[in-house]
1. Simple spin-label model, 7 Å along Cα-to-Cβ: B:ALA161 to B:GLN22 in nm?
2. Could you give the nm distance between label points at B:THR299 and B:ARG333, where each point is 7 Å from its Cα heading toward the beta carbon?
3. I want to check the label-to-label distance for B:SER89 and A:HIS33. Put each point 7 Å from Cα in the C-beta direction and report it in nm to one decimal.
4. Expressed as a whole number of Å, what is the distance separating the alpha-carbon centroids of the stretch A:1-33 and the stretch B:336-410?
5. Arranged by the count of other C-beta atoms within 10 angstrom, fewest first, what order do B:SER109, B:SER89, B:SER67 take?
6. Helix-only estimate, please: 222 nm mean residue ellipticity of the protein assembly as shown, summing -39500 (n - 2.57) across DSSP H runs of length 4 or more and dividing by its residues, to the nearest 500.
7. Please work out the Cα center distance from the stretch B:74-129 to the stretch B:131-209, rounded to the nearest Å.
8. What is the calculated FRET efficiency for A:GLU78 to B:ALA137, with r their C-beta to C-beta distance and R₀ = 60 Å, to the nearest 0.05?
Amino acid sequence: MDRGMYQETIMDYARHPRNFGHVDSPDISYEDHNPLCGDQVRIELKLGAGGRIEQARFTGRGCAISQAAASMLVEMIEGKTLDEVKQIGRQEILDLLGIPISMARMKCAMLGLKVLKAGAYGMGGWPGEDEDEAWPTTSR
Amino acid sequence: MLETSSRLDVARLRADFPILRQLVHGKPLVFLDSAASSQKPESVIRALDEYYREYNANVHRGVYQISERATARMEEARVKLARFINAPSPRQMIFTRNTTEAINLVAASWGRQNIGPGDVIVLTEMEHHSNLVPWQALAQEKGARLEFIPVDDDGRLQLEALDTLLTERVKLVAVTHVSNTLGTINPVAEIIRRAHAVGAVVLVDGAQSVPHLPVDVQALDCDFLAFSGHKMIGPMGVGGLYGRRSLLERMPPFLYGGSMIRTVGLRESTWNELPWKFEAGTPSAGDAIGLGVAVDYLTGIGMAAIRQHEQELVEYALPRLAAVPGVTLYGPRGEDRAGVISFTLDGIHPHDLASILDREGIAVRAGHHCCQPLMARYGLVATARASFYLYTTPEEVDALVAALHHAREVFGM
């Protein structure tokens, strides 16, 4: 059976998202939408000393790709400092997903990262837009 | 397999569309997104090639042979297009880039001249953004009000609302002929008759009707009809606006510049005659010529036969899609249904579904179809949409149904 982007790990994260829910009195809470699919993701962070992320949670709805990617990202950043998180780019998300993401679905895959960066740093635009690889492209 | 009574020899005409002969992800391309843009027959592709190889030149300018040839072919395409929708004269057939530009032309020209504070523009809840957003901008600029004919649960317009909506304040009714999302064929002739009774002008968005049904602007008695060439097997970048002559004559130009002028002084100018008053700048001549060839192709097959073929495909597809567990279908069940089927599959986001179908070589559209208010009306953020055209086969519908079962497997249902 050709599963394409929908490998078991992706489906597992989409069906049983890790780190799903809310943080009590979060230090950072931010939400954004992907107008193409109507995907929505909110990320909430609790910060400790030195800007270390003590707790990271997300809520949202939308396609499997957006929800799995957001879940994997939020799971991965717990315990990291905001400075470390700042280094996360498009390629790290693609590595986390471990599957080829088609051009059309790139915004789904990157929604979580966009929310995280906008929430944590007020960085606008799509992740990587200030990089050479900014223009829509495929990972295949 | 479906025994089709259609007069279309689909197998033969498919051979005219070279793009259909290809594998996508190792599977035959099943193109079910003609409502977004249609494929082109060899004759249209050849016409574009011929234009650029043999007589590419600016039109309405040169007195040399190839420019005259380009001008003649472009104006011949205008005549074909006017005949295709039964316009009384080619002077009423304006080339635009697409439906959106045609509607913007009416909003900017007729709208600015005729809509004032307190006036009402009546639309429907099922309009494509292209027949909604230009009117929002005009209403905001002029202090006018927008009103909407509601849509019922089956995807039909609730025409009884016209009893209260149509007052003497209504200056314009802008309505889609066929919904690009629900497939509903709206009773536009009746809406036009009732709108005219209160003195309103009616614009029909024909983006989804002109390519798929016989459309006769004189029988409809519409004041404007907008459509796109690329949805009717013509090239991208060219579309049309039909307008009632008396209105077009009184309207100011849309864009200003070359071609649309008669005389130009340093401080003022006068305008060209119809239709060129509305065609500023160098037109996409090759595309217009290609659209003329597309009209030849459609006319050769017959719009009634195309309509019948699509109707049979819808009748074939609806029960088979409905039989897939978890499928919800949107839009009316009846003869007022064009070859557009929007659906959702429980537990699978339409974009995930479209990605899985893509791996099977099947091209469908997923999203809000530029109808966000309509999506909101049904409490949806997105649907998947399969749309048919003259080259679509029942076997392709079967492939879609099989792929939906496959998608459920991938999602563990």
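1. Result: 4.1 nm between the two label points.
2. 4.0 nm
3. Rounded to a tenth, the inter-label distance reads 4.8 nm.
4. About 24 Å separates the Cα centre of the stretch B:336-410 from the one of the stretch A:1-33.
5. Result, fewest neighbours first: B:SER89, B:SER67, B:SER109.
6. -10500 deg cm²/dmol
7. 14 Å
8. 0.85
Laboratory data are not the source of any read-out in this text; all were calculated from the coordinates shown. Because the structure is predicted, anything quoted here is derived from the model rather than measured. Don't worry about glycine lacking a Cβ; one is built from the backbone with ideal geometry, like all the others, and counts go over all protein chains shown.
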